[in-house]
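The next block holds one structure in the form of structure tokens; read it before the comments.
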Amino acid sequence: MLISFIVCLVLFLVIGLASARVRKNNAQDYYLASHSVPPWLVGLSAVATNNSGYMFIGVIGYTYAVGLSASLLMIGWILGDFLASLWVHQRLRAQAFNNGETSYIGALTRWAGFSGRGFRVIAALIALVFLLSYAGAQLVAGSKALQVLLNWPAWLGAVIGACLVMLYCIAGGIRASIWTDAAQSIVMIVAMGLMLFTAVQALGGVSASVAAMNDIPGFLSFAPASVVLPGAAGVGIFFIGWLLAGFSVIAQPHIMVRFITLNAAQNFVQTRLWYYAWFVVFYCMATAVGMLARIYLPESANFDAELALPQMAVELLPPLLVGLVLAGIFAATISTADSLLLSCSSFISQDLAPRLFASRSSTNIIGIKIATLLATCAALAWALLNQQSVFALVVLSWAMLSAAFVPLILLLCLGKTLSQTMALWLMGLGCGTVLVLHWCGIGGDLYLGLPALLVSLLVYGLVSLIKRR
């Protein structure tokens, strides 16, 4: 088990370090690979980044708990993500490419036409906090898998993941991240497919598995157990909320920056084909494995549902293949963690403190690498101190980023003109709505980005109406 796991980790590290051979020592190359990445690499990298430890640990744990209703989350998420790709991705890449921006916040600032540093600094601070939280969740997911499969202490997996990511990101920047993402995406889908096939066989085939699921009350119902309203209305709101969650990919800097690295705008169609083919197959398998886990590992008071996949792997597979599944889980966590940390590094060095971290020499990127090191240390500290589940932490971080940036991007796509003051008010209202609902425990399975978006757009509409009068 340990041997196959280590072989995969060494492979990822070698691929990442190899990218340093073609790097250029400037911020454009470190953060955007000089806009030179082919469609297939962009697609595989973006989908591996999107499908993180949250998928192997969080989504499987959630599906284990709620059953078939988790498929509504999956359908809504993928559909929303697809709609976003048709509307936003090319526009954001054009802003970064045409204006020479190296960070997501910089491209968004240019798109909105804001001058000065007020919006850029506040937006970067919000994004930095919640991307560090998100990165911490990835390191937690990796440490959970190592804890179950290798009986290592919880902190060790987080430290290993952080060190691995830091080594190749500092060496090759986003190109290293993208190259390793492609390899990690292959390991991830093979590992998930292996678990699906083995679990079905162990439970006596598809018919026997479905029959066993049917014996669990409500497990094969599409209606979520905890929604704001009962009946069809509640299911509809649940689905719309998670459709918005998928659409909110436009507010996730670590994913969007992949599309900005694309070598030509006309290659977006090819990129989508790679991205969504992998995404649909993988998400369907993850949902199925989560449901099968509930049959194979009956629910108990002391069982952590987020450990279902590694626990099943131990019981169903020989040690060599357990190592492959562990590598798949770890690959999912680090393929997202490296992307998150590079985005955090860009916020620190390009948006928050460019004079401190960005050298005047275009061939000196020491400050940028120091920013990457600082971001990694902060995320590791977050992971070691974290007490929340991976699913809860990722969903909250995703919702906060959505609340901050989706209203602004939607209004820009609709051709609306906003002042910096209005943009900041909308960001504050959205984030405040998510936090209040989260702290009050309101919403059940509702994606909290939905009420946040509605509040922000309602306020914008009222202010615009008042101004016209």
Notebook entry, point to check: Using a probe of 1.4 angstrom, how much of the accessible area of the chain is carbon and sulfur, in percent?
Noted result: 69 percent
Notebook entry, point to check: Protein chains only, probe 1.4 Å: how do Trp87, Trp40 rank by accessible area, largest first?
Noted result: Trp40, Trp87
Notebook entry, point to check: Probe 1.4 Å, all protein chains in place: accessible area of Cys8 in Å², nearest 10?
Noted result: 20 Å²
Margin query: Based on alpha-carbon centroids, what's the gap between segment 291-356 and segment 91-106 in Å, whole number please?
Written below: 30 Å
Notebook entry, point to check: Within straight cross-link reach of Lys24, meaning Cα distance under 28 Å, which lysines are found once same-chain residues fewer than 8 apart are removed?
Noted result: Lys369
Notebook entry, point to check: For segment 1-46 and segment 272-288, what is the separation of their C-alpha centers, rounded to whole Å?
Noted result: 22 Å
Check: Asp181: net charge of surrounding residues, Cβ under 13 Å, Lys/Arg +1, Asp/Glu -1, itself excluded?
Finding: +1
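Can you check how the C-alpha radius of gyration of the chain compares to 2.2 N^0.38 Å, as a plain ratio?
Working it through for the chain, the quotient is 0.94.
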Checklist line | Ranked order, His35, His254, His438 - accessible area, probe 1.4 Å, largest first | finding: His438, His35, His254
Notebook entry, point to check: What ranking of Met188, Met166 comes out by heavy-atom accessible area, probe 1.4 Å, highest first?
Noted result: Met166, Met188
Next item on the list: Report Thr421's accessible area, 1.4 Å probe, all protein chains in place, as a number in Å² to the nearest 10.
Entry: 90 Å²
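From the helices alone, meaning DSSP H stretches of at least four residues, give me the mean residue ellipticity at 222 nm for the chain, per-run term -39500 (n - 2.57), in deg cm²/dmol to the nearest 500.
-25000 deg cm²/dmol
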Check: If you roll a 1.4 Å probe over the heavy atoms of the protein chains, what accessible area per residue do you get for the chain, in Å²?
Finding: 37 Å²
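The values are calculated or read from the model by the stated rules, or taken from the named source; none is laboratory data. Because the structure is a prediction, the values reported are computed rather than measured. Note: ideal-geometry Cβ built from the backbone for every residue, glycine included; neighbour counts use all protein chains shown. We work out accessible area using only protein heavy atoms, side chains counted, and drop any ligands, DNA or RNA first. Shrake-Rupley method; radii C 1.70, N 1.55, O 1.52, S 1.80 Å.
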